[in-house]
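Right, one structure below, let's go through it.
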Amino acid sequence: SRFRDRYVPDYFRATPFRLDVSSIGIGSYLGNATTVDDEDYRSAIRHAISSGINLIDTAINYRGQRSERVIGAVLQQVIASGEARREELVLCSKAGYIPLEPNPPATRADYQAYVKREFVDQQILRSEEIVAGGHSLAPRFVRYCLAMSRQNLGVRTIDVYYVHNPEQQLASVPRGDLLQRLRAAFAVLEEACSRGEVGVYGCATWDAFRVPPDHQSHLALEELVGLARDVAGDDHHFRVVQLPVNLAAPEAIQAATQPLLGGRATALEAAKDLGLTVIASATLMQAKLTHGLPDALHEAFPRCTSDAQRAIEFVRSMPGVTSALVGMKRVEHVEENLGAVRLSER
């Protein structure tokens, strides 16, 4: 309500799981594991919150846990100052990749020693549960990541918790085995939901939902929802998916890659039919869509004043997308990107 007069009427959007989210969210993936980037993110995230962005996306492996810890520090600051209340913010994190410490190992051998010392020897993971050297969906590991993320963020509840890029395992693991692993991970997350440690959960992917069914990396939304129903019935908490949607990667909009009720649908259509909220990632394709867009987009979004704003508005206005994530680690980037929805600039 504090931002009602500042932004377009549909800037905040309701979700089926009773949270309202800003239709532009801030991501925290890009950058180096350095104190310089920590400070940049600290300033950008605080400015984003004070400017009306309430969807904050991260993962335990982003920048060696630094992104989560910076977000946790900012949360303490804005709550203490009265700039925002915890219940006004929607925090999202992910489990799947082995997280590093703030200062990453210098060599591959150092990394392997770190994994053995911190995860295998501590019985968080067995060696055979690690895929491609750094990915796992083992239940103990998912529990560990969730506990560490809650600690890093300084919160009791993570509102949206994703299984991170599960399709990566399909290069090494038979599809049936991956589905069993996902079912076990979903069981862990359903338990976490029942304890109030997670609000809802889902999958954050890169290829899985956009590639055709015969592609090695393909996963079917219908099948994943079925796994969740197997675990928890119709009251399951598998409610959100994250996938790239942007001008350079329009497959979720255009390609009928998803099996649905015996036919085919696009990822956005299937998600809607299955009751899933879609959060779009890679909105600016890691800054590649901030310049050089065709003139036709100027005509399509005449009130936008930059290509970055046009690219954001393309995703934000797509039917079926609830929020467009944009990586932002500069205050000026936050200001520029919010120009796509700011009433004073329209």
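The values are calculated or read from the model by the stated rules, or taken from the named source; none is laboratory data. Note that the coordinates shown come from a computational prediction; the quantities given were computed from them, not determined experimentally. Neighbour counts are summed over all protein chains in view; Cβ atoms, including those assigned to glycine, are modelled from backbone coordinates with ideal geometry. Ligands, DNA and RNA are stripped out before the accessible areas are found, and what is left, the full protein with its side chains, is counted by its heavy atoms. Shrake-Rupley method; radii C 1.70, N 1.55, O 1.52, S 1.80 Å.
A few points about this structure:
- Evaluated at q = 0.09, 0.11, 0.21 Å⁻¹, the base-10 log of the normalised Debye intensity for the stretch 212-346, with identical point scatterers placed on the Cα atoms, takes the values -0.32, -0.47, -1.18.
- Span from the the stretch 262-321 Cα centroid across to the the stretch 163-219 one, whole angstrom: 24 Å
- Full-stretch length increase - Arg156, Ala300 - with 0.36 nm per residue and alpha-carbon distance subtracted: 47.5 nm
- The stretch 1-85 - percent of accessible surface contributed by carbon and sulfur, probe 1.4 Å: 48 percent
- Tensor-based shape of the stretch 41-156 (alpha-carbon gyration tensor, a/c under 1.5 rounded, otherwise prolate or oblate): prolate
- For the stretch 107-191, the fraction of alpha-carbon pairs in successive 10 Å shells from zero, as %: 16, 45, 34, 5
- Solvent exposure of the stretch 258-346 amounts to 45 Å² per residue of accessible area, where only protein heavy atoms count and the probe is 1.4 Å.
- Share of alpha-carbon pairs per 5 Å distance bin for the stretch 221-295, given as whole %: 3, 15, 21, 20, 16, 11, 7, 4, 2, 1
- Selected from Thr277, Gly27, Leu261, residue furthest toward positive end of dipole (the chain; charges at beta carbon): Gly27
- GNM flexibility winner over the chain from Leu260, Leu297, Leu221 (Cα, springs under 10 Å): Leu297
- Among Thr107, Thr35, Thr322: highest mean-square fluctuation, GNM of the chain, C-alpha pairs under 10 Å: Thr107
- Considering the stretch 128-276 at the alpha-carbon level, its Rg and Dmax are found to be 15.1, 44 Å.
- Amide H contacts under 5 Å for Ile158: Val198, Gly199, restricted to partners 5 or more places along the chain or on a different chain, H placed in the peptide plane at 1.01 Å from N.
- For the stretch 241-255 versus the stretch 12-68, the spacing of their alpha-carbon centroids is 21 Å.
- Within the listed set Tyr41, Tyr161, Tyr114, the Gaussian network model of the chain (springs between alpha-carbon atoms below 10 Å) gives the highest mean-square fluctuation for Tyr114.
- Of the solvent-accessible surface of the stretch 190-286, computed with a 1.4 Å probe over protein heavy atoms with every protein chain present, carbon and sulfur atoms account for 46 percent.
- Dipole of the chain, positive end: most advanced residue of Ala171, Gly72, Ala249 [Cβ charges, Cα centre]: Gly72
- Calculated [θ] (222 nm, deg cm²/dmol) that DSSP helices of n ≥ 4 give over the chain, each run adding -39,500 (n - 2.57): -10500 deg cm²/dmol
- Heavy-atom accessible area per residue - the stretch 148-254, 1.4 Å, Å²: 37 Å²
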